[in-house]
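To start, the structure under review is shown below, and the notes come after it.
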Amino acid sequence: PGSSLWLTRRDHHFCQLASSPVMSCCCCSCVDTGSVGVIQKFGEYQGVQEPGCSCICWPITTVDPVSLAVRQQECRSDCKTKDNVTVTVVTACQYRVQKDMIKVAHFDIADPFSQIAAEVDSVLRSSMPTMTLDESYEAKEKMVNEILASVRDAMGKYGYDIINVLITDIRPERSVMDAMNEINASRRQREAAFERGEAEKLLKIKASEADAEAKRLAGVGMANMRAAMAQGFQDSMKFMKDSGMSEKEAMHMMIMTQYLDTLKEFAGSHGSIVVPHGPSAVGDLQGQIRDGFLQAASQQKMSGGIFG
């Protein structure tokens, strides 16, 4: 009442009101950095207010702030692939309002977010049915380019600049994901089993080669040993003949020496073995050796007569 004054705030406007039969207002409009103010007078567009403070006549003139910062909208699209798998594609659209088209962006489109989501759904639901699930993971870049071109063309005339589009996830149903994981696990196990088999095969081949080489070397060693023994016997026989012994006596002495060495080896072993022994053992052994030599010579002579 009277000439009292008070201060009110309404949407960034600070107004000083005076009590009188005819109300008059003087307001300060503040716009933050990164935004512009859309000025309307009696509802008609008048222009834009730059960031800062400005005086307006409220409520004849109003200022609505509009952010020019880059914003992101996440879209979820349910699609079906060529191999009849239902997937949810998560897409992130990054956009901002163009300052030189602020009037169109503010007045000519009521719900830009729904329109962006509709454009994204349209592109994905026409692209995904032409690809299998595995192909869709590989074609993310191709789909991103298609979505970006379509949404940028649709929203550019309304003053929205689409900066980038990202496909952040392609998510099939849980049962499909479990089946895919089982398939991958089975393939990995099969590959691991194959590699283990190849490793075992290589080990067996190398072991066989080593065994064959060992046997070959053992045979060479045995042959060398027998050759050395034969050479030793020959040298011994020659020496005994030179010392005046007959061949029969020299043979008897060699067999006796070998027989005694054999008994010595048996006695020095850890086990036990029964060897027939008597006064005529050496003579019997000598007769057996002589008979063996004669039989071998007879068989060799017969073979020469038949095949010679």
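Can you report the number of residues in region 1-55 which are of a type in the set (A, V, I, L, M) and either at pLDDT 50 or above or open to solvent by less than 30 Å² (accessible area, probe 1.4 Å) (or both)?
Adding up the residues that qualify gives 6.
I'm checking my understanding of the structure. Among residues of region 132-176 that are aliphatic (A, V, I, L, M) and open to solvent by 20 Å² or more (accessible area, probe 1.4 Å), which one is farthest from Ile102 (Cα to Cα)?
Only one residue fits best here, namely Val176.
Give just the number: which of (1) more than 30 Å from Arg171 (Cα to Cα); (2) open to solvent by less than 80 Å² (accessible area, probe 1.4 Å); (3) at pLDDT 85 or above does Ala192 not satisfy?
(1)
Please verify whether region 251-269 includes one or more residues that are touching a residue at least 24 places away in the same chain (Cβ under 8 Å), surrounded by 10 or more Cβ atoms within 10 Å (Cβ to Cβ) and among the aromatic types (Phe, Trp, Tyr).
yes
Given the options Arg76, Arg96, name the one that is out of contact with any Gly (no Cβ under 9 Å at 6 or more places or on another chain) and touching a residue at least 24 places away in the same chain (Cβ under 8 Å).
On inspection, the qualifying residue turns out to be Arg96.
Being surrounded by 15 or more Cβ atoms within 10 Å (Cβ to Cβ) and on the phi > 0 side of the Ramachandran plot is the filter here; which residues of region 79-118 pass it?
none
For region 41-60, enumerate the residues that are over 60 Å from the mean Cα position of the chain (by Cα) and either at positive phi or assigned to a strand (DSSP E or B) (or both).
Lys41, Phe42, Gly43, Glu44, Gln46, Ser54, Cys55, Ile56
The values are calculated or read from the model by the stated rules, or taken from the named source; none is laboratory data. Here the structure is a predicted model, which is why all the values come from computation and not from measurement. Neighbour counts run over all protein chains shown; Cβ positions are idealised from the backbone, glycine included. We work out accessible area using only protein heavy atoms, side chains counted, and drop any ligands, DNA or RNA first. Shrake-Rupley method; radii C 1.70, N 1.55, O 1.52, S 1.80 Å.
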